[in-house]
Amino acid sequence: MKWLILILGIASNALASVLIKVAITTPRHFPSFADPMAALTNWPFWIGLTLYGGAFLLYAAALTYLPLNVAHPILTSGAIAAVALLSVVVFREPFPWTTAAGIILVVVGVVLISLRLK
């Protein structure tokens, strides 16, 4: 259950980031005081904001089952990796070998942090 909560938190955080990017990409623009009605009709912005809230609640729930020094690195690095991959698929952003190497190093680092060897 604790891992499912963490995975859902990662997914919620990553999808929120993608939707916020969609919300500010042409033809949409970031909600502003100059055009308040645009904020009301920018559905990716509101869904992204809601997903960030959901990610926070899932993170808080994960902390009831996992130590902070395990939950936080896994959630954060999982979201970083997921956003990097989603940005290639959704926005056709470049994915150089250095990005792949960085993700691998982050995952290895988190595994080392999370291991409970004595």
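A compact table of results
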quantity	calculated
Residues satisfying the stated conditions in segment 1-48, i.e. over 24 Å from Val107 (Cβ atoms) and aromatic (Phe, Trp, Tyr)	Phe30, Phe33, Trp43, Phe45, Trp46
Filter pass, Leu63 being over 25 Å from Thr26 (Cα atoms) and without any contact (Cβ under 8 Å) to a residue 40 or more places away in the chain	yes
Selection within segment 34-50 - among the aliphatic types (A, V, I, L, M) and in a helix (DSSP H, G or I)	Met37, Ala38, Ala39, Leu40, Ile47, Leu49
Boolean, Val83 is under 21 Å from Trp3 (Cα atoms), in a helix (DSSP H, G or I), of a type in the set (A, V, I, L, M) and at pLDDT 90 or above	yes
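The values are calculated or read from the model by the stated rules, or taken from the named source; none is laboratory data. This is a predicted model, so every value here is computed, not measured. Note that each Cβ is placed from the backbone with ideal geometry, even for glycine, and that neighbours are counted across all protein chains shown.
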